[in-house]
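Here the structure comes first, spelled out in structure tokens, and everything after it is commentary.
The values are calculated or read from the model by the stated rules, or taken from the named source; none is laboratory data. Keep in mind the model is a prediction, meaning the values are calculated, not measured. Glycine also receives a Cβ, built like all others from the backbone with ideal geometry; neighbour counts cover every protein chain displayed.
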Amino acid sequence: MKSKKPEHSRFDGIKHSLFTEGAQTLVKLKEVTHIQAILEDFWLKRTFAATIDYFILFFVTGIIWSTAHFAEFLITMGLLSLLYFTVTESVLGYTIGKKVFALKVVNLTGTKPSLKDAFTRNISKFNAIFLILDTIIGRFTSSTHEKFFDRLAHTTVDDMSAISKIALK
């Protein structure tokens with residue numbers, strides 16, 4: 001006597017397929033959410049890195065111009081900022097603040113920017129108002145994490161800690 005296969009076995013395959021596809025979709029959704037969280041955290045890291053750099057520059061400018069008028073102080077601070085960010089990013093690929101937060105400036109080929117590119121991306125750092133506008137315009141006109149002058153210089157800031165976390169997964 002032959003035994004009949006139960007009818008539900010045909011549906012078990014379909015259930016298994018739906019479950020597997022559903023699990024894969026959830027994993028992909030989790031990865032997208034994780035990447036979005038990293039990008040949001042990225043702007044916070046950039047802000048803290050810039051804060052460290054500007055504390056250093058403020059201190060150095062204060063030593064140089066301890067008795068200067070406010071206008072002289074601001075001009076000196078702007079020039080030192082432009083020099084500091086341009087030189088450190090073209091030579092090292094990062095500033096002290098960026099190093100603390102594992103951020104690195106790279107060009108489109110993934111290498112350190114040239115002196116010209118580093119100067120172009122940092123020109124807005126001469127004046128705080130220009131820097132704020134550069135960041136706002138870049139943040140809201142780009143889906144990436146680039147300031148406006150980053151796009152002009154063909155550079156970007158990479159989060160090395162996020163890259164290593166994604167590579168480990």
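Within the stretch 113-162, the set of residues being within 17 Å of residue 83 (Cβ to Cβ) and among the charged types (D, E, K, R) comprises 116, 117, 121, 125.
Out of all the residues in the stretch 109-159, which are more than 15 Å from residue 47 (Cα to Cα), acidic (Asp, Glu) and within 16 Å of the chain's Cα centre (by Cα)? The one that is more than 15 Å from residue 47 (Cα to Cα), acidic (Asp, Glu) and within 16 Å of the chain's Cα centre (by Cα): 150. Taking the criterion of being part of a helix (DSSP H, G or I) and surrounded by 15 or more Cβ atoms within 10 Å (Cβ to Cβ), the residues of the stretch 140-158 that qualify are 148, 149, 150, 151, 152, 153.
Taken as a whole, the condition of being part of a helix (DSSP H, G or I), in contact (Cβ under 8 Å) with a residue 24 or more places away in the chain, aromatic (Phe, Trp, Tyr) and more than 15 Å from residue 156 (Cα to Cα) does not apply to residue 42. Tallying residues that are of a type in the set (A, V, I, L, M), without any contact (Cβ under 8 Å) to a residue 12 or more places away in the chain and surrounded by 14 or more Cβ atoms within 10 Å (Cβ to Cβ) within the stretch 58-73 yields 1. In the set 104, 112, only one residue is at pLDDT 90 or above, in contact with an Asp or Glu (Cβ under 7 Å, 6 or more places away or on another chain) and not in a helix (DSSP H, G or I); that residue is 104.
Considering 100, 91, the condition of being within 16 Å of residue 47 (Cα to Cα) and surrounded by fewer than 16 Cβ atoms within 10 Å (Cβ to Cβ) is satisfied by 100 alone. Here residue 124 does not qualify as over 18 Å from residue 49 (Cβ atoms) and either hydroxyl-bearing (Ser, Thr, Tyr) or touching a helix residue (DSSP H, G or I) at 6+ places or on another chain (Cβ under 8 Å) (or both).
Taking the criterion of being β-branched (Val, Ile, Thr) and either touching a helix residue (DSSP H, G or I) at 6+ places or on another chain (Cβ under 8 Å) or crowded, with 19+ Cβ neighbours inside 10 Å (or both), the residues of the stretch 127-139 that qualify are 135, 137.
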